[in-house]
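A.B. asks: The structure's right below; bear with me while I get my questions together.
The values are calculated or read from the model by the stated rules, or taken from the named source; none is laboratory data. All of these numbers come straight from a predicted model, not from anything done at the bench. Cβ coordinates were reconstructed from backbone atoms using ideal geometry, including for glycine residues, and neighbour counts include every protein chain displayed. Keep in mind that these areas ignore ligands, DNA and RNA; they rest on the heavy atoms of the full protein, side chains included. Shrake-Rupley method; radii C 1.70, N 1.55, O 1.52, S 1.80 Å.
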Amino acid sequence: APAGDLPTAATPRSGARPETFGRCYLETFRRCLTLSVAAVGLVEDGAVQLHRLYMPNEEGFFQLHLAPDGTPDECRWFSRLDEVTPSSPEEWAAWLDPAQGMLGWPQFQTKDGRLYDRLWAPGPGRIPPRDMAETRQSLSPAGDLTQSRRRLQTMLYGMPTGAAPPAPDTAFILVSAISDGAQAWVEIHAGIDINSAALSFPATPI
């Protein structure tokens, strides 16, 4: 999708804290298991539906795909690595230009110089990011249920971890250009596969 589909002067979002890529994913995972879910999301990727459980302060989320019987058959943890708010058409084009935008290139390079290969339709040349819609629900401080819908233009990258089992064998980078009402920004998350049987969230009235 062309960069012009997103606002050219997005409202800055507070609370973005770039994280060092070398942080231990498993330590983050264990910490988040002790926290309540702050919001839930339903992502529609064509005919595929993905469920997201967001941690407080947007530090990360669990993404689950459900089997026909309703049990998770895929679960990934994504921790926020960076957030960028382009402020001009030129800055948006650097991400989303149909010919040269970095979102969709065969490889994505993080700030530490690591290269991750495109996992969706691997191969040479740029492809458009996947166009998804997400419906999010959360509770306001007053206890009211709020719902919003936002657009995600997303690409998934990955590289082998080289770690021995039972450690995850792939490290993911999920890059998304997000449009939510008058706001738009780019999020970069680092992720791993986890065993869904290990999940145990406190009950929340969402």
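A.B. asks: Only one residue in 36, 87 is among the small types (Gly, Ala, Ser), open to solvent by 50 Å² or more (accessible area, probe 1.4 Å) and over 19 Å from residue 188 (Cβ atoms), so which one is that?
C.D. replies: Values: 87 fails: over 19 Å from residue 188 (Cβ atoms).
Every option except 36 fails the conditions.
A.B. asks: Checking the condition hydrophobic (A, V, I, L, M, F, W, C), open to solvent by less than 90 Å² (accessible area, probe 1.4 Å) and either touching a residue at least 24 places away in the same chain (Cβ under 8 Å) or at positive phi (or both), which residue from 142, 133 passes?
C.D. replies: 133
Residues checked against (1) within 20 Å of residue 88 (Cα to Cα); (2) at pLDDT 95 or above:
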site	(1), (2)
152	yes, yes
158	no, yes
162	no, no
165	no, no
173	no, yes
176	yes, yes
185	yes, yes
189	no, yes
196	no, no
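A.B. asks: I'm trying to understand the selection: among the residues of the stretch 88-106, which are over 21 Å from the mean Cα position of the chain (by Cα) and either among the small types (Gly, Ala, Ser) or within 13 Å of residue 175 (Cα to Cα) (or both)?
C.D. replies: Scanning the stretch 88-106 gives 88, 99.
Yes/no matrix, rows are residues, columns are (1) among the aromatic types (Phe, Trp, Tyr); (2) in a strand (DSSP E or B); (3) within 18 Å of the chain's Cα centre (by Cα):
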| residue | (1), (2), (3) |
| --- | --- |
| 151 | no, yes, yes |
| 157 | yes, yes, yes |
| 162 | no, no, no |
| 179 | no, yes, yes |
| 192 | no, yes, yes |
| 197 | no, no, no |
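A.B. asks: For the stretch 126-149, give me each residue that is outside any strand (DSSP E or B), more than 18 Å from the chain's Cα centre (by Cα) and of a type outside the set (Asp, Glu). Full working, then the answer.
C.D. replies: Here is the first cut: in the stretch 126-149, the residues outside any strand (DSSP E or B) are 126-129, 140-144.
Those left that are additionally more than 18 Å from the chain's Cα centre (by Cα): 126-127, 140-144.
If the condition is that a residue be outside any strand (DSSP E or B), more than 18 Å from the chain's Cα centre (by Cα) and of a type outside the set (Asp, Glu), then 126, 127, 140, 141, 142, 143 are the ones that fit.
A.B. asks: Just the residues that are open to solvent by 40 Å² or more (accessible area, probe 1.4 Å) and among the polar types (S, T, N, Q), please, taken from the stretch 45-71.
C.D. replies: Those that are open to solvent by 40 Å² or more (accessible area, probe 1.4 Å) and among the polar types (S, T, N, Q): 49, 57, 71.
A.B. asks: Would you be able to tell me the number of residues in the stretch 145-157 that are touching a Pro at 6+ places or on another chain (Cβ under 9 Å) and open to solvent by 70 Å² or more (accessible area, probe 1.4 Å)?
C.D. replies: So the answer is 1.
A.B. asks: Check 135, 204 and return the single one that is at pLDDT below 95, farther than 22 Å from residue 81 by Cβ and of a type in the set (Val, Ile, Thr).
C.D. replies: On the way: 135 fails: at pLDDT below 95.
Exactly one of 135, 204 is at pLDDT below 95, farther than 22 Å from residue 81 by Cβ and of a type in the set (Val, Ile, Thr), namely 204.
A.B. asks: Tell me, please, whether a residue that is under 18 Å from residue 148 (Cα atoms), outside any helix (DSSP H, G or I), touching an Asp or Glu at 6+ places or on another chain (Cβ under 9 Å) and modelled with pLDDT of 50 or more can be found in the stretch 76-84. Let's see the steps before the verdict.
C.D. replies: The first filter runs over the stretch 76-84 and keeps only residues under 18 Å from residue 148 (Cα atoms), leaving none.
Looking for residues that are under 18 Å from residue 148 (Cα atoms), outside any helix (DSSP H, G or I), touching an Asp or Glu at 6+ places or on another chain (Cβ under 9 Å) and modelled with pLDDT of 50 or more, one finds none in the stretch 76-84, hence no.
A.B. asks: From the residues in the stretch 90-108 that are of a type in the set (Asp, Glu) and free of Cβ contacts under 8 Å to residues at least 12 places away in the same chain, which one is most open to solvent (accessible area, probe 1.4 Å)?
C.D. replies: The selected residue is 90.
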